[in-house]
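Every number in this text was worked out from the coordinates using simple rules, so none of it is lab data. Note that the structure is predicted; figures quoted are calculated from it, not measured. Here Cβ is always computed from backbone atoms with ideal geometry, including for glycine, and neighbour counts include all displayed protein chains.
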Amino acid sequence: SVYPTAKKTLGVDGAQCQTIGAIASTPWAIKGAIGVISDAYPLFGYHKSSYIICTAVMGSGAYFCLAFFPVSSPMMAAMLLFLANLQIATADLLCEGKYASLMQAKPKTGSAMVSLVWGCFQF
């Protein structure tokens with residue numbers, strides 16, 4: 001959880017912890033906008049994979065910074081956590097979109113596809 005870590009390492013109060021958590025979880029709230037943007041504006045000719053790769057680079061950089069550099073500013077911590085969650089939320093959304101289109105192409109395998117995807121999440 002963000003809150004004990006933020007309180008301990010950054011020395012912030014409860015209200016600031018809530019603000020950091022709200023900023024960090026914003027990508028999950030804007031998944032609809034991410035989907036619309038990726039469908040409307042392809043990057044490098046691709047609608048999904050290029051967005052997944054771009055956010056993976058940003059999220060990996062954020063994880064690297066969180067792991068190896070001291071974060072002394074609550075706003076910097078919030079932005080790095082935002083980028084980390086953006087990576088996860090974008091990959092989650094766009095992969096769901098891809099397997100939904102695959103299920104439309106082969107409706108008989110739809111339930112097996114969903115079972116496979118959610119089964120893989122367990123590992």
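Quick notes on this one:
- Matching residues, the range 103-123, being farther than 19 Å from Lys48 by Cα and either outside any loop (DSSP other than H, G, I, E, B) or in contact with a Cys (Cβ under 9 Å, 6 or more places away or on another chain) (or both): Pro107, Lys108, Thr109, Gly110, Ser111, Ala112, Ser115, Leu116, Trp118, Gly119, Cys120, Phe121
- Checking each residue in the range 14-26 for being closer than 10 Å to Pro74 by Cβ and either over 23 Å from the mean Cα position of the chain (by Cα) or in contact (Cβ under 8 Å) with a residue 60 or more places away in the chain (or both) picks out only Ile20.
- Residues that are surrounded by 12 or more Cβ atoms within 10 Å (Cβ to Cβ), basic (Lys, Arg) and either free of Cβ contacts under 8 Å to residues at least 24 places away in the same chain or outside any helix (DSSP H, G or I) (or both) are absent from the range 94-102 altogether.
- Single condition Ala29 does not satisfy, out of (1) surrounded by 14 or more Cβ atoms within 10 Å (Cβ to Cβ); (2) within 11 Å of the chain's Cα centre (by Cα): (1)
- Residue satisfying all of: in the range 42-92; within 18 Å of the chain's Cα centre (by Cα) and of a type in the set (Ser, Thr, Tyr); surrounded by the fewest Cβ atoms within 10 Å (Cβ to Cβ) among these: Ser60
- Taken together, the residues in the range 51-93 that are aromatic (Phe, Trp, Tyr), part of a helix (DSSP H, G or I) and without any contact (Cβ under 8 Å) to a residue 40 or more places away in the chain amount to 3.
- Qualifying residue in the range 29-43 (condition: over 18 Å from Thr90 (Cβ atoms), of a type in the set (Val, Ile, Thr) and assigned to a loop (DSSP other than H, G, I, E, B)): no
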